[in-house]
1. Determine if region 431-445 includes at least one residue that is under 19 Å from the mean Cα position of the chain (by Cα), part of a strand (DSSP E or B), more than 15 Å from residue 50 (Cβ to Cβ) and in the same structural domain as residue 362 (by TED's automatic domain parsing).
2. What residue, of 122, 100, is at pLDDT 95 or above, surrounded by fewer than 19 Cβ atoms within 10 Å (Cβ to Cβ), assigned by TED's automatic domain parsing to the domain that holds residue 11 and under 24 Å from the mean Cα position of the chain (by Cα)?
3. Of the residues that make up region 221-232, is at least one in contact with a helix residue (DSSP H, G or I) (Cβ under 8 Å, 6 or more places away or on another chain), free of Cβ contacts under 8 Å to residues at least 40 places away in the same chain, surrounded by 20 or more Cβ atoms within 10 Å (Cβ to Cβ) and outside any loop (DSSP other than H, G, I, E, B)?
4. Do you know which residues across region 74-95 are surrounded by 19 or more Cβ atoms within 10 Å (Cβ to Cβ) and over 14 Å from residue 144 (Cα atoms)?
5. Scan region 10-64 residue by residue and report those that are within 30 Å of residue 286 (Cα to Cα) and assigned to a loop (DSSP other than H, G, I, E, B).
6. How about region 405-417: which of its residues are out of contact with any strand residue (DSSP E or B) (no Cβ under 7 Å at 6 or more places or on another chain) and either farther than 16 Å from residue 342 by Cα or outside any helix (DSSP H, G or I) (or both)?
7. Suppose we filter 291, 303, 332 for residues that are within 26 Å of residue 205 (Cα to Cα) and either outside any helix (DSSP H, G or I) or under 23 Å from the mean Cα position of the chain (by Cα) (or both); which single one remains?
């Protein structure tokens, strides 16, 4: 019997993590391309186009699809007859593979994992530890699913224990309606039903690695209750009108995957885990014949999309000549192309700025009349100015927004997803505006950045403040200077009958 060597397992997982950093699964690309072709909302269609163009660029350039290269999840199904030659526990073996993948010089990935989560939250520096799940199964092989889960979608995971007579579909649809756009739709919903609280969430997470087959299911029709439930949830969620990036549209989910297992007679545990537009996973099998070999996808899977036509009507904004009149003239849903000086700043930088302002100190950067971009980029390689640099979820900056606007004179903020009511009120009060870049288009956005220099809070690593010079960076106005938000109004036009009510399930 062949032996699965430790080195082969490490090599295979490390290669898989690099592979998924820049290759979307082909089934996801095809499903998104089909959704793009059918989309009726111009804003949502433009967002999907950026995601698809970014995906193709990342595949060709072998650079991350998204700047949030994710927390690693590794599911191992080990056959009872398999022979593994390991010198260390599986967790250490997997973590070794993660370090190797994250530190690859030709494509370094962004370390996002912090240790001591309720204390100092110090970055581990190499994205370890991975989330490792092991199951003993029949057979003599080792099957491995590797995925990288971004924080924006992971933060939207939900769990509930329903009454046994309750509708799973009703709970899922009402829950998705409250998630906002921070999980970067269009994506996949993983749903686990049954088991216990921990099993339901694990089922939901594992379901996300299943192939997209909703179009085939729709064509042939459901053969059992779970398939019917998948179709019902997909149709009702899409009828909500949330759309790509929350801009309003006909497609919010590309597929709904459901796994079930027996549960207690008094319980109906349900876990919900969304996957974003940067869906990243791959499966391989080890049988002792050596490491896995992952073939690159066919570039023919990607549609040929020209973004020039989509931006033809965009308004150009000079960030170095921002005036109150210019900011006041911005309209929700308007497409802009930004050029000039742009500063970066995420959670840690905002917290530090507020501490300095509250203590009467002077900030190391002058943000008066300027714009700030909520981003933590990937390190640059070769002749790159900056690595992939897509937006992070803006709601995390909401607690700091009023203080920063009042204390700095900042005029524009750029992130992804909606803002909370207090942040929207602060934006209106200070006559500022909030713009969104497309989540899941990090490599594309980075090509609009011509210069990048860290200028403050260098110790924060990827959360340091950078001064960027951008040229024709595409964004959409989300909240205007009067406090009108496209995320509060855009979906209403696209909401359809059947989103709320549905058959019991």
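The values are calculated or read from the model by the stated rules, or taken from the named source; none is laboratory data. All values reported here derive from a predicted model rather than from experimental measurement. Please note: Cβ atoms are built from the backbone with ideal geometry, for glycine as well, and neighbour counts cover all protein chains shown.
1. no
2. None of the other options fit; the residue is 100.
3. Yes - at least one qualifying residue is present in region 221-232.
4. 95
5. Passing the criteria: 23, 24, 25, 62, 63, 64.
6. If the condition is that a residue be out of contact with any strand residue (DSSP E or B) (no Cβ under 7 Å at 6 or more places or on another chain) and either farther than 16 Å from residue 342 by Cα or outside any helix (DSSP H, G or I) (or both), then 406, 407, 409 are the ones that fit.
7. After ruling out the rest, the residue left standing is 291.
Residues are listed down the side, and each one gets a yes or a no for (1) under 30 Å from residue 103 (Cα atoms); (2) surrounded by 24 or more Cβ atoms within 10 Å (Cβ to Cβ):
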{"position": "26", "(1), (2)": "yes, no"}
{"position": "32", "(1), (2)": "no, yes"}
{"position": "39", "(1), (2)": "no, no"}
{"position": "44", "(1), (2)": "no, yes"}
{"position": "50", "(1), (2)": "yes, yes"}
{"position": "57", "(1), (2)": "yes, no"}
{"position": "60", "(1), (2)": "yes, no"}
